[in-house]
Amino acid sequence: MPVIFGLLGLVFSYQLIISRALSAFRDQQAATLQLNEQRFRSLFTQNPDAVFAYNRDGTYESLNPVTEAIVGLSESDLLGKHFRSVVCEPACSKQDVERTETAFNRAINGLPSSYTMRLIREGASQDLEVTMVPIVVEGEVSGVFGIAKDITDRVAAEERLLILERSLEASGNGAMIIDVRTDEKQVVYVNPAFTHITGYLEQEVIGHAPLLLSGAETDTADTEQIQAAIQQGTSLSTTVRTYRRDGSPFWNQLLLSPVKDANQQVSHFICIINDISERKEQESQLAYQATHDVLTGLGNRALFSDHLVHDVELAARNGQTLAVLFVDLDEFKPINDTLGHNVGDQLLISVAEKLQQGLRASDTLARLGGDEFVLLLPDLSHPDEAEEVAGRLLDALNKPHRVSGHELHVSASIGIAVNRGGIDEPERLLQHADMAMYKAKQQGRNTYEVYTDDLDRKLSQRVTLRSELQEAIEHGHLNLHYQPLINREGDVDGLEALVRWYHPTKGFISPATFIPIAEETGQIIPLSRWVMRQACKDAQQLVAQGLLKGRMAVNLSPLQFHRPNFLSTLRNVLNETHLAPEHLELELTEGILMRDADGAIDILHALSGMGVSTAIDDFGTGFSSLSYLRDLPIDKIKIDRSFVQDAAKSDKNAAICQGVITLALELDLRVVAEGIETVEQHDYLMSLGCEVFQGYLFAKPMPLESLITWLTQKAQMTDNA
C-alpha cells in the first residue's frame, strides 16, 4: 500500500509539474502572440502608406488612418463596403478601375500584383502605387491586403523631367551636358539640334571633351573665358566663333549654366548652342547700311559725320589743314524726271565713280542724299589743294556719262570750306561748304566757290529775313498799297496792287528783297494767296462805292500760276469776295509763259473764258517772243520802266518803246508805260500812241484809306471840270 501511495504521489507530482509547464508555455505563447499582434497593429496603423484589408468578396475589413485620409471616408463609413464604392468613375478612370479589379482577382488567386492609379477627390488628384497581396490562413486565401503609396510628387517630378527631356529633344537650340566631376570633363548628353548644327553624331561626342568645337580662328580669349566659368562654377553668356564637323565656322551664341547636386556642388554644366550666323550677317548688313549709301556704295551722312569729327579733332591737335567740299549736281532733276528714276540712279552711280577717281585712302567721299555729295580732305599741305581737287572733280564730271543707252552730260556746283581761323566745329565746316555751294549756284553753276566770312554774313541775313517773312505772313504784318493807272484823258483806268512790308525794327523792306526769297522758299504761295484775296476784297469795296470803273491788277508768281489748283482757287476767291471777273486783271512775266507754253495757253484761255484779263508785265526784259503776242489771249502789255526812263533822251530806248507800242496797236493790245516820273516822259509816250500810264508823276502807291480819299477827290475834280 505504501508503495502504491508513493507511486500515486509521483504521478500527481508529475502531472502538476507538466500542468504548470504547459500553463507557463501557454502564457508565453499568449504573450508572444499579443506582442506580434501589437507589432502587426503598429505596422498596420503607423504605416505611412495606406494599408487596408478586404475579405474574399472585396469588402473592407480593416484600414489604417492613412487610408481614411486618402479616400476621405472614416473607417466606420468604409467597413463592410465594397472597394468599387471607392474605386469607381469619375473618381478614377475606367482603366484604373479595371486595373484594380484585375489585381484583386490575382491576389484572391494567391498572386500578388502592383499597379499605379490616379484618384480624384474634391478636385485634387493623387497618384498612388498600389500593391495587393493575398491573406493566407491555414493554406487558404481568406482575403487581400492592399498597400497604397502616395507617389504624387514623384509622378510630378518624373513628368517635369520627361517634359524637360522632350523639350531639349525638340529644341531648335543645341544642348550639350558636360560632367565636370572628373578631370576629363566629358560630354554625357547632346540633343538632335546639336547634331543638326554642328554635324557631330551623338556617338562621336559622348565621352569626349567639348573642345572639338574649337578651330584655328577660335579666339583664345573666348576659350579661356569658357574654361574659367567651368572651373569657377559660374554661368556664362557669350558669342564665340566655333566650327562644325566639316570645318566650316559659325557664330555661336553660347550659354553655360552650372547644375548642382544634392550637396550644392556643381556636378554638370548644360551648354546651350545657338547658331546666329544669319543674324550676324544681317547685323553686319544693317551696320553697313547704317553707314553707307545703298545705291552708290559710298559712305552716308552718318559715316561722314563720324569721320569729320575725328579728322577735325586730329587736324586741330596737329595743326593740319582740312577741307570739306560740298558737291551738288546741276540740273539733275530734269534728267531724273524725263528719263526716269532708273536712269537717274545709274547716273548717280556713274557720278560717284568719277568722284572717287584720284582720291587718297585718307579722303572720305559720301552721298548725303539726292544729288548731293560731300568730300572730306584731311591733312592738306596747303588750302589751295582743295581748289585743285574741286577743279579736277568738275573736269571729271563734265565728261559724258553713258547710262542705259544714253550719253548724258551733267555739271556740278562745289562749295569749299577750309578749317582756317581756328574753326574746329565739324558741323560749321559742313554748313560753310553748303553756303559756298549755294554761292556757286548763283554764279552760274559748273564752278566752285570758297567760303568767306562775308558769304556767311549775307546768307545769315537771308535766313533771318526768311524767318521774319514767315512771321509777317502768319501774323498779318504785310499790307497792300495801290497805284492808279491813268489813261490818255487823265482818268483812272485801273489799279495795281503792290505788297508792302514794314518791319517793326528794320522799317520798309523792298519787295525786290523779300519776293525772291519767298519764291525760293515756297513762301510765295501763301503770300500770293493772301495778296489775291485781299486785293479782290478791296476791289469789291471800291466797286461798291463807285470808285473803280476799270480792273484791279494783281501780279502772279510762276509757282502760283502753274499750280494744278490755280484756277479753282481763283474762282473760290472771286466767289468769296463777290468781285466780278470783269474787274480783275492778272499780270504775268514773260518767264511764266516761256516755262510751260502749252500749259500757259490752256490757263490763259480759261481766264479769258472767265472774263479775267491778262497783261504781260515788264515786257522786253525777258526772252520776248512775238509768237505768244500773236497766239495767246493777252489783253495788255506793260513796257518796263528801264525803257521808259530814258525814252525821251536815248534813241535806242525810244526805238524800243515805239516798236512795242506800234506792234501792240497792230495786234489790238493795250499798252501801259510803267515808271512815268516826268512830264517829258509822259508827253513823249503820248506822242507815240501809248494809251495808259503809271508812275509817281500821277500817284504813288498808297494804302486803301488814302486811295479812297484820292479817288474821291479825283472824281470830284472830274465832275467839276
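Taken together, the values in this text are just the output of simple stated rules run on the coordinates, not laboratory data. Predicted model, so just to flag it, every value in this text is computed and none were measured. Ideal geometry is used to build each Cβ from the backbone, glycine not excepted, and the neighbour counts take in all protein chains shown.
Read through the labelled values (1) 1.42; (2) 0.97; (3) 1.09 and report the label of the one computed as Rg/Rh (Cα atoms, Kirkwood Rh) from the structure. For Rg/Rh (Cα atoms, Kirkwood Rh), the calculated option is (1). Dipole size of the chain about its Cα centre, with +1 on Lys/Arg Cβ and -1 on Asp/Glu Cβ: approximately 1680 debye, rounded to the nearest 20. Each Lys and Arg Cβ is given +1 and each Asp and Glu Cβ -1; about its Cα centre, the range 292-451 then shows a dipole of about 200 debye. Over the chain, DSSP H runs of length four or greater, each weighted -39,500 (n - 2.57), average out per residue to a 222 nm ellipticity of -15500 deg cm²/dmol.
Classify the range 385-458 from the C-alpha gyration tensor, please: rounded if a/c falls under 1.5, else prolate or oblate depending on whether a/b exceeds b/c.
On the way: a/c = 2.75, a/b = 2.22, b/c = 1.24.
Note, shape of the range 385-458 comes out prolate.
Pairs exceeding 19 Å between alpha-carbon atoms, taken from LYS354/LYS399; LYS458/LYS506; LYS549/LYS714; LYS549/LYS636; LYS441/LYS506: LYS441/LYS506.
Assuming charge only on the beta carbon of Lys and Arg (+1) and of Asp and Glu (-1), the dipole of the range 44-155 about its Cα centre is about 240 debye to the nearest 20. Computed extension length for MET686-ASP598: 28.1 nm, one decimal, from 0.36 nm per residue of separation with the Cα-Cα distance subtracted. Between the residues ALA673, LEU485, ALA497, the greatest Cα displacement towards the positive end of the dipole of the range 472-720, with unit charges on the Cβ of Lys, Arg, Asp and Glu, is found for ALA497. Work through the residues other than GLN694 whose Cβ is under 12 Å from its Cβ and net out their charges, Lys, Arg +1 and Asp, Glu -1. Surrounding charge for GLN694 is -4.
How would you classify the range 643-701 from its alpha-carbon gyration tensor, with a ≥ b ≥ c the square roots of the eigenvalues: rounded for a/c under 1.5, else prolate if a/b is greater than b/c, otherwise oblate? In terms of gyration-tensor shape, oblate. Counting only the Cα atoms, the range 107-207 fills a convex hull of 196 Å³ per residue. With the simple spin-label model, which puts each label point 7 Å out from Cα in the Cβ direction, the LEU111 to ALA396 separation comes to 9.7 nm.
Peptides 435-441, 413-419, ordered by how many other C-beta atoms sit within 10 Å of their residues on average, highest first, read 413-419, 435-441. Sorting the segments 585-592, 662-669, 163-170 by their residues' average number of neighbouring beta-carbon atoms within 10 angstrom, most packed first, yields 585-592, 662-669, 163-170.
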